[in-house]
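To start, the structure itself, in structure tokens.
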Amino acid sequence: MFHQESSQQAPRQNVAFTVAKFGGTSVADYQAMLRCAQIIKNDSSTRLVVVSASAGVTNYLVRLSQENISVVEQTDIITNIRAIQLNITQHLSNNVEQALNAEIDTLLDELSIHALKQSQQYSVKQGDTILSFGEQLSSRIFAQVLQSVDVNGAYFNVQQVMKTNSLYGKAVVDIEQLSVACRELLAPKLSQQILVTQGFIGQDGLGETTTLGRGGSDYSAALLAEALNASNLAIWTDVVGIFTTDPRITEQARAIKEISFGEAAEMATFGAKILHPATLIPAMRHNIPVFVGSSKEPEKGGTQIKQSVASNPTYRSIALRREQTLVTVKSPEMLHASGFLAKVFGILAKHELSVDLITTSEISVALTFDNPSGSTQALLTSIVLQELEQFCDVSVEGGLSLVAVIGNGLDSAKGIGQSIFQTINDTNIRLICHGASANNLCFLVAEQDANNVVEKLHRELFV
Ligand code: ADP
Ligand code: ASP
Ligand code: MG
């Protein structure tokens with residue numbers, strides 16, 4: 001049984017206390033929500049539930065948050081979102097359905113006002129407000145689904161505790177404020193009820209809605225687990241755990257029973273969509289074990305992510321991140337000169353551009369950037385290029401994918417290069433990074449070769 005140790009303290013780890021996160025497909029429709037409610041009912045340690053928007057809703061909202069959307073399209077999108085949500089509420093008792101539908105319609109009326117304003121005067125800030133509606137809707141509905149199976153669940157507005165800066169679209173959470181607010185506002189309530197709250201969204205100091213970036217609900221759940229000193233974090237999704245590679249790429253991918261924080265963090269960083277890249281940071285800081293499983297097939301178990309695991313194989317998994325941009329800066333000045341790299345990185349830092357991989361030669365440096373927009377102009381604006389071109393030649397290549405082989409002792413094991421590159425010797429490798437980390441070896445290939453490369457490598461290293 002959960003109990004609170006004192007009004008000033010969050011629950012201690014020695015009392016089983018689970019934060020459970022359910023992703024978009026897990027709350028996509030009524031049957032999916034019902035399965036999640038059953039999972040919660042079967043595990044009495046679950047106290048806080050973090051939900052994503054129902055599958056498809058955030059994609060609609062992304063469209064709605066863009067510039068120049070016609071009123072006809074806005075209306076269509078809102079009608080589609082309404083249909084997704086009302087398809088769920090129709091399964092609840094009449095009274096509950098009516099009350100929920102009234103709440104949904106109030107929220108959707110608000111949403112349509114924001115959408116109209118956005119199409120007239122675009123702002124990134126308003127975009128975040130629009131994006132937040134998916135989680136606002138699903139969390140209200142899911143709290144009622146929980147009640148319908150006799151679980152004492154209630155809605156909690158995460159914006160009371162998830163305080164962030166004002167970097168709209170990619171807001172940074174104030175961990176200290178989160179911890180204090182959880183202790184004061186959330187923990188006392190958890191002793192009475194299971195609370196259902198929103199992933200992905202927060203609130204800045206101006207009271208404006210912010211978002212943590214696509215897929216951010218995993219990270220929200222991990223931050224809340226940390227702030228509440230939870231003993232477990234469960235990420236319920238549509239696959240039975242973390243696989244040796246994305247199961248959509250090869251049917252031969254298989255679920256991993258146990259994986260270390262470090263390896264799983266590398267996977268998330270290098271594009272394994274199963275976890276938002278930042279998810280494991282709070283879990284590692286507070287040594288909170290993370291479970292990943294399928295809400296469709298909870299009986300199949302899943303992956304346990306923890307500090308240390310029984311086996312540390314050389315090859316653990318292969319991750320793939322698409323939409324990579326490679327920038328090569330070249331200058332004879334770099335030869336024997338100090339300060340060249342500092343100048344390049346100074347400009348990138350000024351424009352908040354974060355570099356992933358780096359390789360250097362005598363007179364050139366190659367840098368890679370994650371570029372989910374796919375547009376090189378959006379990533380490297382003409383201002384950045386002009387500033388760099390004042391002292392070096394710059395070339396930019398898009399259409400690349402980053403393949404990361406993840407494992408243990410990759411910097412010291414013999415024959416790594418041969419096993420990997422011989423297997424894909426008919427593919428042009430654009431850049432290789434090896435040696436900086438014992439846990440990964442990364443390289444870039446053309447987008448169109450990526451699936452084939454992962455499939456072949458997986459067959460060689462894992463089958
Ligand atoms: P959710 O909506 O539950 O957050 P996501 O779609 O964000 O779910 O993440 C789950 C998906 O991640 C899976 O359906 C799978 O296709 C993809 N994925 C990518 N890499 C892996 C991996 N190594 N193991 C498992 N799933 C992976
Ligand atoms: N609903 C948000 C998204 O689709 C956050 C999440 O699902 O984690 O990106
Ligand atoms: Mg996700």
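Summary of values
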read-out	value
Residue that is of a type in the set (Lys, Arg) and out of contact with any helix residue (DSSP H, G or I) (no Cβ under 8 Å at 6 or more places or on another chain), where the choices are Lys330, Lys306	Lys330
Extreme residue, surrounded by the most Cβ atoms within 10 Å (Cβ to Cβ), among residues of segment 282-307 that are of a type outside the set (S, T, N, Q) and part of a strand (DSSP E or B)	Ile305
Residues (within 11 Å of ligand 1 (Cβ to nearest atom) and in a helix (DSSP H, G or I)) located in segment 20-35	Gly24, Thr25, Ser26, Val27, Ala32
Sole exception among (1) closer than 29 Å to Glu226 by Cβ; (2) touching a Ser or Thr at 6+ places or on another chain (Cβ under 6 Å) for Ser44, by number	(2)
Residue in segment 203-217 that is open to solvent by less than 10 Å² (accessible area, probe 1.4 Å) and of a type in the set (Val, Ile, Thr) present	yes
Among (1) part of a helix (DSSP H, G or I); (2) within 27 Å of the chain's Cα centre (by Cα); (3) within 25 Å of Thr211 (Cβ to Cβ); (4) not polar (S, T, N, Q) - the single one Lys41 does not satisfy	(3)
Selection from segment 376-412 of residues that are open to solvent by 10 Å² or more (accessible area, probe 1.4 Å) and of a type in the set (S, T, N, Q)	Thr376, Gln377, Thr381, Ser382, Gln386, Gln390, Ser395, Asn408, Ser412
Residues located in segment 71-90, provided they are among the polar types (S, T, N, Q), open to solvent by less than 60 Å² (accessible area, probe 1.4 Å) and more than 14 Å from Asp109 (Cβ to Cβ)	Thr89
Those helices (runs of 4 or more DSSP H) lying entirely in segment 94-158 with at least 3 residues among the polar types (S, T, N, Q)	94-120, 133-148
Selection status of Ala278, more than 19 Å from Leu457 (Cβ to Cβ), open to solvent by less than 10 Å² (accessible area, probe 1.4 Å), at pLDDT 95 or above and within 16 Å of ligand 3 (Cβ to nearest atom)	no
Given (1) closer than 30 Å to Asn452 by Cα; (2) assigned to a loop (DSSP other than H, G, I, E, B), number of the condition Ala310 does not satisfy	(1)
Search result, residues across segment 250-275 that are open to solvent by less than 30 Å² (accessible area, probe 1.4 Å) and either assigned to a loop (DSSP other than H, G, I, E, B) or within 16 Å of ligand 2 (Cβ to nearest atom) (or both)	Thr250, Ala253, Ile256, Ala268, Phe270, Gly271, Ala272, Leu275
Pairs with Cβ under 8 Å, 6+ apart, first in segment 51-67 and more than 7 Å from ligand 2 (Cβ to nearest atom), second open to solvent by less than 20 Å² (accessible area, probe 1.4 Å) and part of a loop (DSSP other than H, G, I, E, B)	Val51/Gly199; Leu61/Ala53; Arg63/Ile69
Test: Thr244 is closer than 26 Å to Glu460 by Cα, at pLDDT below 95, away from ligand 3 (no atom under 14 Å from the Cβ) and not small (Gly, Ala, Ser)	no
Qualifying residue in segment 194-205 (condition: within 16 Å of ligand 3 (Cβ to nearest atom) and assigned to a helix (DSSP H, G or I))	no
Residue within segment 87-96 that is under 28 Å from Gln147 (Cα atoms) and either modelled with pLDDT under 95 or charged (D, E, K, R) (or both) present	no
Subset tally (residues that are modelled with pLDDT of 95 or more, out of contact with any strand residue (DSSP E or B) (no Cβ under 6 Å at 6 or more places or on another chain), assigned to a loop (DSSP other than H, G, I, E, B) and more than 16 Å from ligand 3 (Cβ to nearest atom)) for segment 44-69	1
The lone exception for Gly262 - which of (1) away from ligand 1 (no atom under 12 Å from the Cβ); (2) at pLDDT 95 or above it fails	(2)
Residues (within 13 Å of ligand 1 (Cβ to nearest atom), open to solvent by 10 Å² or more (accessible area, probe 1.4 Å) and assigned to a helix (DSSP H, G or I)) located in segment 219-249	Tyr219
Residue check for Tyr168: under 18 Å from the mean Cα position of the chain (by Cα) and open to solvent by 10 Å² or more (accessible area, probe 1.4 Å)	yes
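Every residue, every condition in (1) within 30 Å of Gln38 (Cα to Cα); (2) hydroxyl-bearing (Ser, Thr, Tyr); (3) out of contact with any Lys or Arg (no Cβ under 7 Å at 6 or more places or on another chain), yes or no:
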| residue | (1), (2), (3) |
| --- | --- |
| Thr75 | no, yes, yes |
| Ile81 | yes, no, yes |
| Gln85 | yes, no, yes |
| Leu92 | yes, no, yes |
| Asn95 | yes, no, yes |
| Asp105 | yes, no, yes |
| Leu116 | no, no, yes |
| Lys125 | no, no, yes |
| Phe133 | yes, no, yes |
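One line per residue, one yes/no per condition, for (1) within 18 Å of Ala446 (Cβ to Cβ); (2) open to solvent by 40 Å² or more (accessible area, probe 1.4 Å); (3) part of a helix (DSSP H, G or I):
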{"site": "Leu326", "(1), (2), (3)": "yes, no, no"}
{"site": "Val329", "(1), (2), (3)": "no, no, no"}
{"site": "Ala342", "(1), (2), (3)": "no, yes, yes"}
{"site": "Phe345", "(1), (2), (3)": "no, yes, yes"}
{"site": "Ala349", "(1), (2), (3)": "no, yes, yes"}
{"site": "Ser354", "(1), (2), (3)": "no, yes, no"}
{"site": "Thr368", "(1), (2), (3)": "yes, no, no"}
{"site": "Gly374", "(1), (2), (3)": "yes, yes, no"}
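For every residue, the table says whether it meets (1) within 14 Å of Asp218 (Cα to Cα); (2) basic (Lys, Arg); (3) free of Cβ contacts under 8 Å to residues at least 60 places away in the same chain.
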{"site": "His286", "(1), (2), (3)": "no, no, no"}
{"site": "Lys296", "(1), (2), (3)": "no, yes, no"}
{"site": "Gly302", "(1), (2), (3)": "no, no, no"}
{"site": "Lys306", "(1), (2), (3)": "no, yes, yes"}
{"site": "Ala310", "(1), (2), (3)": "no, no, yes"}
{"site": "Ala319", "(1), (2), (3)": "no, no, no"}
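The values are calculated or read from the model by the stated rules, or taken from the named source; none is laboratory data. Being a predicted model, the structure only gives us computed values, none of them experimental. Cβ sites come from the backbone with ideal geometry, for glycine too, and all protein chains shown count toward neighbours. Calculation scope for accessible area: heavy atoms of the full protein, side chains included, ligands and nucleic acids excluded. Shrake-Rupley method; radii C 1.70, N 1.55, O 1.52, S 1.80 Å.
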